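The values are calculated or read from the model by the stated rules, or taken from the named source; none is laboratory data. Just so we're clear, the structure is a prediction, and the values are computed from it rather than from any experiment. Cβ placement follows ideal geometry from the backbone for every residue including glycine, while neighbour counts extend to all protein chains displayed.
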């Protein structure tokens, strides 16, 4: 096992990422703008019901890598941050190969059940498979110090195709369908996958692929962390469970209105996570092993930066929503404009919650991460079931805010009291605040 890398100036590690974060913020801002335009376009030209359906499709693209990922990317990412990408390439290749028959089976079963939707279902199957690979590779590229390459690829698959599809659909109404939208999205994913191969060519993929027949196939869970996997499932279900409960108790149109506002808040959260949190996550993992005495101080600095960023983005988003929504031609959306205030406060808590979770991740305490993830999921389900039927999307917004507040409080208490570190090459030591 390669020895953990040492640093001559640990105190400067986080400062070095500040300039990178600003550049990534610009790139991610363009991604958010594209998603914002796409959301408004669907609401205006396809309809709120179609926006609700599109929200379900996008949630499936997020849920699939989590449910079928077995915690592999998180577990291997932590190892890659310490030992370098080539140390994990063989296991990563095995993992990707095992995914192929899983998605192929799901696609075939779907076509058999709904033969009239064969083209759309095949496109969705390939789309979900490529989104799965891209989601994992984005995380791994971030953890191995390739933030610009990772975000460029993410921009291609998340936003660049929108810049081609929306103008085309505005010119030709025949493209204003979910089928055309999904095919455009698939095209973006294919281009992004090719770029990913180019950017990670130094990962020794050819050696890993050549070794596959001799090494045999290993089930994905053998390369993952069960606790990280279950936490990913709980965290992702938490983020999307409200839209399913809203869809059950309310109408598809109301779901579309909620997805409209929720998508904006979620896009901002993704911007902060990828441009600020993930750029520092790898460094914090290294600091936890090279200079554990300074870890919590650096963690508080990151929490402060993310909170300030979330506040600034929230103000900008609220202004943008109040300006843009009246032009949608959907008067039924206007009464729900104040829900953005609730969702933006929830965004503040969400960013802090994710930053605090790095402490457990860096020190190998995946069990604590899991417990807190399950806690907010249970809270979210209970609060949504209790509030949504009576208060509609206002109840969903309140449930989101309250659940993240509970999670932040719980994680902050554990960190402030100190917890036992699960080291990799040394005996566990206690992490103090």
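Brief remarks on what is shown
- Condition met for residue 62 (assigned to a helix (DSSP H, G or I) and either on the phi > 0 side of the Ramachandran plot or free of Cβ contacts under 8 Å to residues at least 40 places away in the same chain (or both)): no
- Matching residues in region 161-189 - criterion: being surrounded by 15 or more Cβ atoms within 10 Å (Cβ to Cβ) and either outside the structural domain of residue 126 (by TED's automatic domain parsing) or over 18 Å from residue 37 (Cβ atoms) (or both): 183, 186, 189
- Residue list for region 384-401, restricted to those being crowded, with 17+ Cβ neighbours inside 10 Å and either part of a helix (DSSP H, G or I) or outside the structural domain of residue 300 (by TED's automatic domain parsing) (or both): 384, 387, 388, 393, 395, 396, 397, 398, 399, 400, 401
- Hits in region 134-154 - residues which are crowded, with 21+ Cβ neighbours inside 10 Å and under 19 Å from residue 64 (Cβ atoms): 134, 136, 137, 138, 139, 140, 153, 154
- Residue 307 being in the same structural domain as residue 391 (by TED's automatic domain parsing), out of contact with any strand residue (DSSP E or B) (no Cβ under 6 Å at 6 or more places or on another chain) and buried (at least 22 other Cβ atoms within 10 Å of the Cβ): no
- Note on region 174-196: residues that are touching a residue at least 60 places away in the same chain (Cβ under 8 Å) and part of a helix (DSSP H, G or I) amount to 11.
- For region 328-357, the set of residues classified as under 25 Å from residue 46 (Cβ atoms) and touching a residue at least 40 places away in the same chain (Cβ under 8 Å) consists of 328, 329, 330, 332, 333, 336, 339, 340, 343, listed by residue number.
- Residue list for region 67-111, filter: at pLDDT 80 or above and under 16 Å from the mean Cα position of the chain (by Cα): 67, 68
- The set of residues in region 245-262 being surrounded by fewer than 21 Cβ atoms within 10 Å (Cβ to Cβ), in a helix (DSSP H, G or I) and touching a residue at least 12 places away in the same chain (Cβ under 8 Å) consists of 247, 249, 252, 253, 254.
Each row is one residue, and each column tells you yes or no for (1) touching a residue at least 60 places away in the same chain (Cβ under 8 Å); (2) surrounded by fewer than 22 Cβ atoms within 10 Å (Cβ to Cβ).
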{"position": "359", "(1), (2)": "yes, no"}
{"position": "367", "(1), (2)": "yes, yes"}
{"position": "378", "(1), (2)": "no, yes"}
{"position": "413", "(1), (2)": "no, yes"}
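- Residue match in region 409-421 (condition: modelled with pLDDT of 90 or more, within 23 Å of the chain's Cα centre (by Cα) and within 23 Å of residue 246 (Cβ to Cβ)): no
- The residue of region 270-303 that is surrounded by the most Cβ atoms within 10 Å (Cβ to Cβ), among those that are modelled with pLDDT of 80 or more and within 24 Å of residue 239 (Cβ to Cβ), is 302.
- So residue 341, is it surrounded by fewer than 19 Cβ atoms within 10 Å (Cβ to Cβ), at pLDDT 85 or above, more than 25 Å from residue 245 (Cα to Cα) and assigned by TED's automatic domain parsing to the domain that holds residue 264: no
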